[in-house]
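Some notes on the structure that comes next.
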Amino acid sequence: MLLKVILLATLTAAVAQGTPLLITALGEIMSQRAGVLNLGLEGIMLFGASSAFITLVLTNSLLLAVIGGTVCGALLALIHAFLSITCRVHQVICGLALNIFAGGFSAYIGKDYVGIAAPKVLSTFRIPLLADIPYVGSIFFDQNLLVYLSYILVILVSFLMFHTQAGLKM
């Protein structure tokens, strides 16, 4: 019984903690299909996470934190796109340089926030019928809003990639 509870809690946490990786992977899948190799994804995620945390501490708003992290990550991705597509910098070198830059810059801007606990966290909510499915229900359907958003994004990206003219041209 205890093993079942531990396993269930571990798998539930794995789904929640893997959500940023899933969202990043969806973006990279689209980039790869368009012919762009982005090795700077770790740096983009680190910079977005640092920016989101700093925004959360300063504003105490989860919505602004998610928006702030998304915008900062998108700005770094825009820099990568400009350098690798417009300026024709080698994509591998550009991505690795972006990783190094983002790691150093995130450490620099985040040094005053080390050791501070998050003032708020995303709350989970249970989808009634789906969460009652034995074993997998509570793992996948007792999560926070970003996890549910990632489920929708998987469907939208796969539809876009395989059922639209723009996706097929990619």
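The values are calculated or read from the model by the stated rules, or taken from the named source; none is laboratory data. Because the structure is a prediction, the values reported are computed rather than measured. Ideal geometry is used to build each Cβ from the backbone, glycine not excepted, and the neighbour counts take in all protein chains shown. Ligands, DNA and RNA are stripped out before the accessible areas are found, and what is left, the full protein with its side chains, is counted by its heavy atoms. Shrake-Rupley method; radii C 1.70, N 1.55, O 1.52, S 1.80 Å.
Quick check on region 85-106: of everything there that is free of Cβ contacts under 8 Å to residues at least 24 places away in the same chain and loosely packed, with under 15 Cβ neighbours inside 10 Å, which residue is nearest to residue 48 (Cα to Cα)? Ranking the qualifying residues of region 85-106, first place goes to 104.
When every residue of region 144-151 is checked against the conditions, none turns out to be open to solvent by less than 90 Å² (accessible area, probe 1.4 Å), more than 16 Å from the chain's Cα centre (by Cα) and under 25 Å from residue 18 (Cβ atoms). Being among the aliphatic types (A, V, I, L, M) and under 30 Å from residue 138 (Cβ atoms) holds for only one residue in 71, 89, 36, 15, and it is 15. Of all residues in region 62-79, those satisfying the criterion of being closer than 18 Å to residue 117 by Cα and open to solvent by 30 Å² or more (accessible area, probe 1.4 Å) are 62, 63, 64, 66.
If the condition is being without any contact (Cβ under 8 Å) to a residue 24 or more places away in the chain and in a helix (DSSP H, G or I), then region 1-20 contributes 2, 3, 4, 5, 6, 7, 9, 10, 13, 14, 17, 18. Given the criteria farther than 25 Å from residue 16 by Cβ, part of a helix (DSSP H, G or I) and open to solvent by 60 Å² or more (accessible area, probe 1.4 Å), does residue 82 qualify? Yes. Against the list (1) part of a helix (DSSP H, G or I); (2) open to solvent by less than 80 Å² (accessible area, probe 1.4 Å); (3) within 28 Å of residue 77 (Cβ to Cβ), the condition residue 116 fails is (1). Per the listing 21, 56, 26, the residue uniquely open to solvent by 30 Å² or more (accessible area, probe 1.4 Å) and of a type outside the set (Lys, Arg) is 21.
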